[in-house]
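Single-structure report; data block below.
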Amino acid sequence: MVGPQDRNLVRVADRATMARVAAEHLLARIDANPATIAVCLTGGSSPKQLYQLLATDAYRERIPWTRVHWFIGDERYVPPGDPLHNMTMACHAFLDACAPAANIHPIATDRSDPEASACDYQRTLEAFYGAARLDSARPLFDLVLLGIGSDGHVASLFPGFPAVDIADRWVVGVDKAHVAPFVPRISLTLPALASCRTMLFEVAGADKRAIMTRVLAGEDLPANRARSIRETILLIDSEAWPERQSGDI
């Protein structure tokens, strides 16, 4: 059993409120670091409203775009531009309009297979970090953004799959997915995701209430094993919030 003791559970009214709260957490992390900043984005539907919000004048003007580098926690092994491609969604929503191209770091999906793409992205992360070994005193990311799948997966780390237990690599190829879309993936590992100052989850919708009940009950799922070495925050909207669960509102 994995308990929630070291996580801050925050209940928000709806998806729009969640996007605003998530944006403020991102801005707080940026403001706390006067040097180069690294943000690890996520795909799926959960963060899209946040990404669109960051492109609005109210938020765009508060981000020092030349200092912020944008990475991705997992990618579908499909070509850029494909509707399933995670970084393409983020680029269309805000990165293309706001961020310098040199500061956007997608996972290459034109390699021979997902494992080759994983090795390539690990080299990208190591070059940015300046070392091949993670140091808990110097997190890789300022903020890691994640969602939680209906089966309890995070990034592309699925329950019961070998990739969940890999601890000696930062990025792995995933040959098949546990949920749709059933395409190969590339995913950061739990140790790489954990190397952050803030890990921020966005969980919304009534269809997530069942899995959140299991997660907050402490079931051994990737969503419970994904923890920052510093601070972990779960933003959960009213529809996904399990009954009988107390938390910060």
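The values are calculated or read from the model by the stated rules, or taken from the named source; none is laboratory data. Bear in mind that the values here come from a model prediction, so they are computed numbers and not experimental data. Here Cβ is always computed from backbone atoms with ideal geometry, including for glycine, and neighbour counts include all displayed protein chains. For the accessible areas, the whole protein counts, side chains as well, though only heavy atoms, and no ligand, DNA or RNA atoms are used. Shrake-Rupley method; radii C 1.70, N 1.55, O 1.52, S 1.80 Å.
Structure summary
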quantity	calculated
Probe 1.4 Å - accessible area at Phe182, Å² to nearest ten	150
Exposure of Arg62 as accessible area (Å², to 10), given a probe of 1.4 Å and all protein chains	110
Arg197 long-range amide H proximity, modeled H, under 5 Å	Phe141, Asp142, Leu143
Inter-part distance where region 95-131 and region 1-62 are each reduced to a Cα centre, Å	21
Ranking by accessible area, most exposed first, for Thr17, Thr232 with a 1.4 Å probe	Thr17, Thr232
Accessible carbon and sulfur surface of the chain relative to its total accessible area, %, 1.4 Å	51
Candidate residues His178, His153: accessible-area rank, largest first, probe 1.4 Å	His178, His153
Built amide H within the under 5 Å cut-off of Thr189, gap 5+	Val171, Val172
Per residue accessible area in Å² of the chain, where ligands, DNA and RNA are left out and the probe is 1.4 Å	43
Size of charge dipole - the chain - debye, nearest 20, with Cβ of Lys, Arg +1 and Asp, Glu -1, no other charges	340
(1) 7, 34, 39, 18, 1; (2) 6, 24, 26, 20, 14, 8, 2, 0; (3) 7, 29, 33, 21, 9, 2, 0, with the label sought being that of the calculated P(r) over Cα pairs in 10 Å bins from 0, in percent	(1)
